[in-house]
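Let me begin by presenting the structure, written as structure tokens, before commenting on it.
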Amino acid sequence: MAQTEEITNIEDLKKKIKRLNSKAGQMKMDLHDLAEGLPTDYENLMGVAEATYKIYCELNDLKQQLKNMEQA
């Protein structure tokens, strides 16, 4: 999983999640577009998929961090 920096302020964490969520959505669409165009640009598939996977792992980690902070 991706390493995420520890953010101690809930509002800062929410802002980071919002920005990352937007970026993750764009990456998901890029991956979808690439997959639709296969076999064209197939050599880019693994790189785009890996980057998309990493951002979703980071987003998941940040959401868990937020959940833990809100429960504390």
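The values are calculated or read from the model by the stated rules, or taken from the named source; none is laboratory data. Just so it is clear, the model here is predicted, and its values are computed rather than measured. Backbone-built Cβ (ideal geometry, glycine too); neighbour counts: all protein chains shown. Note: areas computed on protein heavy atoms with side chains; ligands, DNA, RNA excluded. Shrake-Rupley method; radii C 1.70, N 1.55, O 1.52, S 1.80 Å.
Calculate the dipole size of the range 11-72 relative to its Cα centre from +1 charges on Lys and Arg beta carbons and -1 charges on Asp and Glu beta carbons; express the result in debye to the nearest 20. Before the final figure, lay out each step's value.
On the way: 10 positive and 11 negative charges, 96 e Å.
Result for the range 11-72 is approximately 460 debye, rounded to the nearest 20.
What are the GluC sites (Glu not before Pro) within the chain that DSSP puts in a loop, where the Cβ has at most 16 other Cβ atoms within 10 Å? Walk me through the numbers on the way to the answer.
Working: sites: Glu5, Glu6, Glu11, Glu36, Glu43, Glu50, Glu58, Glu70; in loops: Glu5, Glu6.
Loop-located and lightly packed - Glu5, Glu6.
How many lysine pairs does the range 5-72 hold where the Cα atoms are under 12 Å apart and the two sit 8 or more places apart or on different chains?
Working: Lys14/Lys63; Lys14/Lys67; Lys15/Lys63; Lys16/Lys63; Lys18/Lys63; Lys23/Lys54; Lys28/Lys54.
The number of close lysine pairs in the range 5-72 is 7.
What does the net charge come to around Lys14 if you take all other residues with beta carbon closer than 12 Å to its beta carbon, with K and R at +1 and D and E at -1?
On the way: positive: Lys15, Lys16, Lys18, Arg19, Lys63, Lys67; negative: Glu11, Asp12, Glu70.
Around Lys14, the charge tally is +3.
Between Asp61 and Asp30, what is the label-to-label distance in nm when each label sits 7 Å out along the Cα-to-Cβ direction?
Simple spin-label model gives 1.9 nm for this pair.
Using a probe of 1.4 angstrom, how much of the accessible area of the chain is carbon and sulfur, in percent?
On the way: 2790 of 5370 Å².
Solvent-exposed carbon and sulfur of the chain make up 52 percent of the total.
In the set (1) 1.06; (2) 1.32; (3) 1.43, which value of Cα Rg over 2.2 N^0.38 Å was calculated from the structure you see?
(2)
Just to confirm, what accessible area per residue do you get for the chain at 1.4 Å probe, in whole Å²?
Details: 5370 Å² over 72 residues.
That works out to 75 Å² per residue.
Report the label-to-label distance for Tyr42 and Glu11 in nanometres (one decimal), using points 7 Å from each Cα along the Cα→Cβ vector.
Using points 7 Å along Cα→Cβ, the separation is 5.2 nm.
So what is the 222 nm mean residue ellipticity for the chain from helices alone, if each DSSP H run of at least 4 adds -39500 (n - 2.57) and you divide by all residues, rounding to the nearest 500 deg cm²/dmol? Spell out each step's value before the answer.
Working: 2 runs with 54 residues, N = 72.
Value at 222 nm, helices only: -27000 deg cm²/dmol.
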